Amino acid sequence: VVDRKIDDFTKKLDILAQSRESFDLGEEFIDLTLSVICESAFEYPLSIEEKKKFLEDVDIVVKEVRCGMAVPLRWKFGAFIPNVRRARKSGKSLLALGMKILESYRQLKSPIKGTVVDLIANNENYKTDKERASDILLLLFGGHDTTAYTLSWTLLALAKNPEEQLKLQKELN
């Protein structure tokens, strides 16, 4: 999965570079990272629409959590606050995605044993599927942007330091 995704990503970057148009490398790596995590850890091919919705929902929820930390009663009286209602709706949408990933795994005819989703789906310590879906989302959320931006900054550092780039190429070959 990873090799195929990296090959596709490299081709996409070549096309973007040849077009001479600017692009956000961080966003491209987020797209790649979400695809790799979903397909390798969860055996789930996340669609373009699902990626977009996931990122939008995460952004809405994170912004509201930050506001809620400053004003503790905000969440309690959220029914009166449009941003809180929107965050609750996004939270439900994220949970639905986690449930969809879990259900998709259960529908597989021959799932791969030992994957993250396999370990979550078959762990009897979870009381409910909602808990399982929450952990799927936690791993997806926790892994997608940190990995993507680390890769982006690494490429930027290599681009600014050609001698280090050559050393890395020699090491990899």
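Of (1) modelled with pLDDT under 95; (2) under 30 Å from ILE120 (Cβ atoms); (3) open to solvent by 30 Å² or more (accessible area, probe 1.4 Å); (4) not aliphatic (A, V, I, L, M), ASP14 satisfies all except one. Which?
(2)
Given MET69, MET99, which one is open to solvent by 70 Å² or more (accessible area, probe 1.4 Å), more than 11 Å from PHE42 (Cβ to Cβ) and under 19 Å from the mean Cα position of the chain (by Cα)? Write out each step before concluding.
On the way: MET69 fails: under 19 Å from the mean Cα position of the chain (by Cα).
Step by step, each of MET69, MET99 is checked, and only MET99 is open to solvent by 70 Å² or more (accessible area, probe 1.4 Å), more than 11 Å from PHE42 (Cβ to Cβ) and under 19 Å from the mean Cα position of the chain (by Cα).
If TYR126 satisfies every condition in (1) assigned to a helix (DSSP H, G or I); (2) under 28 Å from ASP59 (Cβ atoms); (3) in contact with a helix residue (DSSP H, G or I) (Cβ under 9 Å, 6 or more places away or on another chain) but one, which is the exception?
Looking at each condition in turn, TYR126 falls short on (1).
Could you look through the range 138-170, keep only residues that are among the charged types (D, E, K, R) and within 21 Å of ASP24 (Cβ to Cβ), and pick out the one that is least open to solvent (accessible area, probe 1.4 Å)? Outline the logic, then answer.
Of the residues in the range 138-170, the ones among the charged types (D, E, K, R) are 145, 160, 163-164, 167, 170.
Of the ones still in play, those that are also within 21 Å of ASP24 (Cβ to Cβ) are 145, 160.
Numbers: ASP145: 54, LYS160: 145 Å².
For the range 138-170, the residue satisfying everything is ASP145.
Can you tell me which residues in the range 18-31 are aliphatic (A, V, I, L, M) and open to solvent by 40 Å² or more (accessible area, probe 1.4 Å)? I'd like the intermediate steps shown before the answer.
At the first step, the residues of the range 18-31 found to be aliphatic (A, V, I, L, M) are 25, 30.
Answer for the range 18-31, where residues must be aliphatic (A, V, I, L, M) and open to solvent by 40 Å² or more (accessible area, probe 1.4 Å): just LEU25.
Can you name the number of the only condition in (1) open to solvent by less than 80 Å² (accessible area, probe 1.4 Å); (2) of a type in the set (D, E, K, R); (3) at pLDDT 95 or above that GLU64 fails?
(3)
Kindly check whether there is at least one residue in the range 79-96 that is free of Cβ contacts under 8 Å to residues at least 24 places away in the same chain and touching an Asp or Glu at 6+ places or on another chain (Cβ under 8 Å).
Yes: the range 79-96 contains one or more residues that are free of Cβ contacts under 8 Å to residues at least 24 places away in the same chain and touching an Asp or Glu at 6+ places or on another chain (Cβ under 8 Å).
Looking at the range 124-134, which of its residues are free of Cβ contacts under 8 Å to residues at least 24 places away in the same chain and either aliphatic (A, V, I, L, M) or open to solvent by less than 50 Å² (accessible area, probe 1.4 Å) (or both)?
To start, the set of residues in the range 124-134 that are free of Cβ contacts under 8 Å to residues at least 24 places away in the same chain comprises 124-128, 131.
TYR126 - this is the single residue of the range 124-134 that is free of Cβ contacts under 8 Å to residues at least 24 places away in the same chain and either aliphatic (A, V, I, L, M) or open to solvent by less than 50 Å² (accessible area, probe 1.4 Å) (or both).
State which residue is surrounded by the fewest Cβ atoms within 10 Å (Cβ to Cβ) when the search covers only the range 32-48 and only residues that are in a helix (DSSP H, G or I) and in contact with a Leu (Cβ under 9 Å, 6 or more places away or on another chain).
Among those that are in a helix (DSSP H, G or I) and in contact with a Leu (Cβ under 9 Å, 6 or more places away or on another chain), it is GLU39.
The values are calculated or read from the model by the stated rules, or taken from the named source; none is laboratory data. None of the values given here were measured: they were computed from a predicted structure. When we count neighbours, we look across all protein chains shown, and the Cβ atoms used for this are built from the backbone with ideal geometry, even at glycine. Keep in mind that these areas ignore ligands, DNA and RNA; they rest on the heavy atoms of the full protein, side chains included. Shrake-Rupley method; radii C 1.70, N 1.55, O 1.52, S 1.80 Å.
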